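Here the structure comes first, spelled out in structure tokens, and everything after it is commentary.
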Amino acid sequence: MNAGFNARGFYTLFAKEVRRFLKVTVQTVLTPMVTALLYLLVFGQALEAHVEVYAGVSYSAFLVPGLMMMSIIQNTFANSSSSIIQSKMTGNLVFVLLAPISSLEFFAAFVLAAVVRGLLVALAVYAVAILFVDLPLAHPWAIAVFAVIGSATLGALGVIAGIWADKYDQLAGFQNFFILPLSFLSGVFYSIHALPGVWQQISHFNPFFYLIDGFRWGFFGQGDASVALSLSVSLGFLFLLTGLGLYLLLKGYKIRR
Amino acid sequence: MTSAISIQQVHKRFASLQALKGISMEVPQGSFFGLLGPNGAGKSTLISIMAGLARADAGAIRVMGHDVVSAWRQSRHALGVVPQELVYDPFFSVREVLRLQSGYFGRGRENDAWIEELLETLSLSDKADANLQDLSGGMKRRVLIAQALVHRPEVVVLDEPTAGVDVELRQSLWRFARRLHREGHTILLTTHYLEEAESLCDEIAILNHGELVTRDSKQNLLARYPWRTLHISVDRSTFQLPEALVSLLTSADDNCLTFRLHREQDTIGEVLAALQSAGLTVVDLSTEEVGLEEVFLRLTGQSGEGA
Ligand SMILES: Nc1ncnc2c1ncn2[C@@H]1O[C@H](COP(=O)(O)OP(=O)(O)OP(=O)(O)O)[C@@H](O)[C@H]1O
Ligand SMILES: [Mg+2]
């Protein structure tokens, strides 16, 4: 009886979420771009002469895909989680909850809006980075696929965290103690082959590592893991979080008492 | 005819608090229904369950025949809810917010004319492009009403729409609610202003501590307590009250006397005649019709005297 898809409802919510971050572009696109640029200039300058990760690839070039994916990870998570917690705290989530919008429509709208934000941020970082470094594009399809999967995955995680958190500081905690360390420890700044053995093993349990490694493979045609493995793990993680997010929404966890 | 809202054995518990203890009632189509009860009685909780914002632990609610759990899409299309809290999205203007709400309900630009009409009717036209953040409380309240009506629901639920609203806006909201009712909408209203419920509603339910205390037509309810109060001031403070009036007297303070009269059995004329024959001169007189307020206080046990 509730079958079907409220396409317009979904699209309206999606478009609203996109407009929400576009209204504050400085904060949502420009700031992450500048942050990534600072990392590039500081670390790139400092380590350029000392580190060569892949043969024939400058350290600065190596850094750029990592920074792009790190920006995707942080910004897509922030996009859906902050929007949902804000709506919960101001109470205006009620307008969506009163409408005939299903869990799937709700979830898809927030995740896809996060994907748009992720791609925009990644493009912005790319656009400034290529002013400073030469960047090959070995497998453009892989670049696109991993950018979308990474954005969707963290958008989904943001939905889950936004539903779960009751206060902003819980969300900040999630960001500072989970997202940030995992993204720093995933090989943004180094190849995990440079790590001592045990840390290398541990890195293989970090899902962000596969996102970054597969994404980087798209640029250089080489990576720490095989692209098939990176793709499988990344898709698996996305499906897992999608399942969890939909389950929480269907149960009405915290948002329908 | 299917009821506009059909509520069957609804239970809801919040931790140790039993907020609804098995509520059953029907809200007939086309009625102007008053859902009354003191703070914390469970009115908003019941509304949340009909709107799908909360889930009943047991029992069922149907809106225009659609179960709010198994046929939630249809039931939400049939229902427009004005929430009790003044919530709004600070990111958007009034018109944007209405278009968004319209879109959530699957409506596109073809609904724009109706949105403009709502803006007009609720005197929001000149604020249509203002950000929600910059509106007064009363205006935000009107935007909430417009949002609830944007998908043309058959059943409109107003959860305390006139709380904290000035006299002028309150009257204009009453006119608007009456108009919606005339146009065929079923209206469910909660309010703490009992004179408001008395003048607007034709059917009344009273909740108290999660239980349905009464559910009746306004006429029947008022007829249950057919009393009115008569205040009389006489020209002196020491006198002998005529025998016939003693049983009617509820209080005497100096030269001010208060009587409780049965609407059908006692008349003001008799009281005046009795006072006159005792040699007393009436200097002032006023009456109070006992209304819903008294009925309400007695049924919810908030009145000082027993029923
Ligand atoms: N989310 C919640 N968590 C815990 N308790 C709740 C929750 N919502 C409502 N309650 C409790 O349930 C009871 C009924 O609350 P409800 O809001 O339905 O009352 P009401 O009749 O609408 O009151 P008012 O006239 O003040 O709006 C109250 O005791 C309230 O504290
Ligand atoms: Mg209430």
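The values are calculated or read from the model by the stated rules, or taken from the named source; none is laboratory data. A quick note: this is a predicted structure, and the numbers were derived from the prediction, not measured. All Cβ positions, glycine included, derive from the backbone under ideal geometry; neighbour counts span all protein chains shown. For accessibility, only protein heavy atoms count, side chains too; no ligands or nucleic acids. Shrake-Rupley method; radii C 1.70, N 1.55, O 1.52, S 1.80 Å.
GNM remark for chain A: springs join alpha carbons under 10 Å apart, and the peak mean-square fluctuation among A:Ala114, A:Ala152, A:Ala61 falls on A:Ala61.
For chain A, the dipole from Cβ point charges (+1 on Lys and Arg, -1 on Asp and Glu) about the Cα centre works out to 1180 debye, to the nearest 20. Between the Cα long axis of helix A:7-22 and the first principal axis of chain A there is an angle of about 50°, rounded to the nearest 10.
Helix A:31-47 and the long axis of chain A differ in direction by around 20°, with both axes built from C-alpha atoms.
Here, the protein assembly as shown has an Rg and a Dmax of 32.6, 120 Å when only alpha carbons are counted. Bridges between two residues of chain B, per DSSP, are antiparallel at a rate of about 70%. In terms of distances greater than 31 angstrom between alpha carbons, the cross-link table entries A:Lys16/B:Lys21; B:Lys21/B:Lys140; A:Lys16/A:Lys254; A:Lys23/A:Lys88; B:Lys21/B:Lys218; A:Lys23/A:Lys167 yield A:Lys16/B:Lys21; B:Lys21/B:Lys140.
The H on the amide N of A:Gly221, modeled in the peptide plane, is under 5 Å from the matching H of A:Ala138, A:His139, each at least 5 residues off or on a different chain. Dividing the helix sum by the residues of chain B, where each DSSP H run of 4 or more adds -39500 (n - 2.57), gives a mean residue ellipticity at 222 nm of -9500 deg cm²/dmol. Each principal axis of segment B:5-218 carries a Cα extent, and these read 45, 38, 34 Å when sorted largest first. Only Cα pairs within less than 10 Å get springs; with that Gaussian network setup on chain A, which residue of A:Ser83, A:Ser226, A:Ser102 has the largest fluctuation? Result: A:Ser226 has the largest fluctuation of those listed.
Under the convention that each Lys and Arg Cβ holds +1 and each Asp and Glu Cβ holds -1, the size of the dipole of segment B:226-289 around its Cα centre is about 60 debye. Counting only Cα atoms, chain A measures 61, 36, 34 Å along its principal axes, largest extent leading.
Dividing the convex hull volume of the alpha-carbon atoms in segment B:154-307 by its residue count gives 152 Å³ per residue. Using a probe of 1.4 angstrom and keeping all protein chains present, the accessible surface of segment B:5-218 works out to 38 square angstrom per residue. On the protein assembly as shown, 57 percent of the accessible area sits on carbon and sulfur atoms, based on a 1.4 Å probe. If the elastic network links every pair of Cα atoms under 10 Å, which of A:Leu154, A:Leu98, A:Leu47 fluctuates the most in the Gaussian network model of chain A? Looking only at A:Leu154, A:Leu98, A:Leu47, the largest GNM fluctuation is found for A:Leu98. Summing both sides, the accessible surface hidden between A and B at a 1.4 Å probe radius is close to 3100 Å². Here the protein assembly as shown is assigned +1 on the Cβ of each Lys and Arg and -1 on the Cβ of each Asp and Glu. Its dipole about the Cα centre then comes out at about 1700 debye. For chain A, the solvent-accessible area works out to 42 Å² per residue, with a probe of 1.4 Å and every protein chain left in place.
Give me the angle, in degrees from 0 to 90, between the Cα long axis of helix A:227-251 and the longest principal axis of the Cα atoms of chain A, rounded to the nearest 10. Tilt relative to chain A: about 20 degrees. Over the residues of chain A, the helix contribution to mean residue ellipticity at 222 nm works out to -23000 deg cm²/dmol, using -39500 (n - 2.57) for each DSSP H run of at least 4.
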